[in-house]
Amino acid sequence: MKQILFLLTSTLFVTLTVQAQQKQSKFMTELSFGPSLPIGRFAATSTNGDKKAAGYAKPGLGLQLSAGYYLNRSFGLLVSAGYATHPQNKQARRESLTRAGLKINNIDCENWKELKLMAGGFYITPVGTKLSLITKLTAGVCKTGIPKINGSGIDTVYMAPAIIQTDKKSLPWAFCYQASAGLQYKLSQKWYALVDVSYFNATAVNKYTYTTYSLSPQTTVIVGPTVSGKAKYGLATINTLVGVGVNF
């Protein structure tokens, strides 16, 4: 009888221990960073007749912080905040101004900077004892601004000094979305390493208004009509991020 009782007690203890070790995590958080590659009109250096402006963006860096809540072992809800920065292509800017009749002596371009706030879901598929495939789909809002440009040169038509200056202009929040697929490699019971490849897209809109002026033969200033319009800036990127995550 004592042996049976001891056996039952030992079995119950082992069962509870195993269950405690396998207890499903409720939350997860990830921090990752890596290269961000601009594509489409974001990387373009010339107009193509559509309403989207060329971004002149070069490869940059992205950072992302995510937090998730497990609804079950495979599926969960996700919120994320991201930040990316992309230098402008100075050489392409210089060549564009040269085609417009300016001989550029120097030019300085600030970086594109994008802040992203998104929410959505994730799905995890185990592909081994330590390796899992995770797919994510999120949407939200993105904040950016048209970068500042400063430069100087010579107007080759009038042979006069030319100053190139555009101030930074903040753009309204824009809708954005991101789809990604990645791998999680288990480092311990809670911690894991991750690699994530994602496609991000957003379109920021700049609304503008200006008044035209001209000179009459008598050098009188003639005020022309007020012109209104908008320019769209595509912000599409392919991101390859690496980092760490923890389940708790």
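The values are calculated or read from the model by the stated rules, or taken from the named source; none is laboratory data. Since we're looking at a predicted model, the values are computed, not measured. Cβ atoms come from the backbone with ideal geometry, glycine included; neighbour counts cover every protein chain shown.
Per-residue answers, yes or no, for (1) surrounded by 14 or more Cβ atoms within 10 Å (Cβ to Cβ); (2) under 18 Å from Phe42 (Cβ atoms); (3) in contact with a Ser or Thr (Cβ under 8 Å, 6 or more places away or on another chain):
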{"site": "Gly62", "(1), (2), (3)": "yes, yes, yes"}
{"site": "Leu65", "(1), (2), (3)": "yes, no, yes"}
{"site": "Tyr70", "(1), (2), (3)": "yes, no, yes"}
{"site": "Tyr83", "(1), (2), (3)": "yes, yes, no"}
{"site": "Gln91", "(1), (2), (3)": "no, yes, no"}
{"site": "Ile104", "(1), (2), (3)": "yes, no, yes"}
{"site": "Val141", "(1), (2), (3)": "yes, yes, no"}
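Checked against the criteria, Lys230 counts as modelled with pLDDT under 95 and of a type in the set (Lys, Arg). Comparison of Ser32, Ser66, Ser46, Ser96 shows that the only residue that is more than 21 Å from Val244 (Cα to Cα) and either at pLDDT 95 or above or assigned to a helix (DSSP H, G or I) (or both) is Ser96.
For the range 175-207, the set of residues classified as more than 20 Å from Leu65 (Cα to Cα) and under 25 Å from the mean Cα position of the chain (by Cα) consists of Thr203, Ala204, Val205, Asn206, Lys207, listed by residue number. Among the residues of the range 36-56, are any surrounded by 16 or more Cβ atoms within 10 Å (Cβ to Cβ) and more than 20 Å from the chain's Cα centre (by Cα)? No. Taking Ile154 as meeting all but one of (1) surrounded by 13 or more Cβ atoms within 10 Å (Cβ to Cβ); (2) within 24 Å of Ala236 (Cβ to Cβ), write down the number of the exception. Ile154 satisfies all of (1) surrounded by 13 or more Cβ atoms within 10 Å (Cβ to Cβ); (2) within 24 Å of Ala236 (Cβ to Cβ) except (2). Checking each residue in the range 147-182 for being under 17 Å from Gly34 (Cβ atoms), out of contact with any Asp or Glu (no Cβ under 8 Å at 6 or more places or on another chain) and hydrophobic (A, V, I, L, M, F, W, C) picks out only Ala179. Scanning the range 182-202 for residues that are within 17 Å of Ser80 (Cα to Cα), of a type in the set (Ser, Thr, Tyr) and surrounded by 15 or more Cβ atoms within 10 Å (Cβ to Cβ) returns a single hit, Ser198. Among the residues making up the range 80-93, those that are of a type in the set (S, T, N, Q) and not in a helix (DSSP H, G or I) are Ser80, Thr85, Gln88, Asn89. Residue pairs whose Cβ atoms lie under 9 Å apart, separated by 6 or more positions or on different chains, with the first residue in the range 22-47 and of a type in the set (Val, Ile, Thr) and the second buried (at least 17 other Cβ atoms within 10 Å of the Cβ) and assigned to a loop (DSSP other than H, G, I, E, B), are Ile39/Ala236; Thr45/Ala54; Thr45/Gly55; Thr45/Tyr56; Thr45/Asn89; Thr47/Ala53; Thr47/Ala54.
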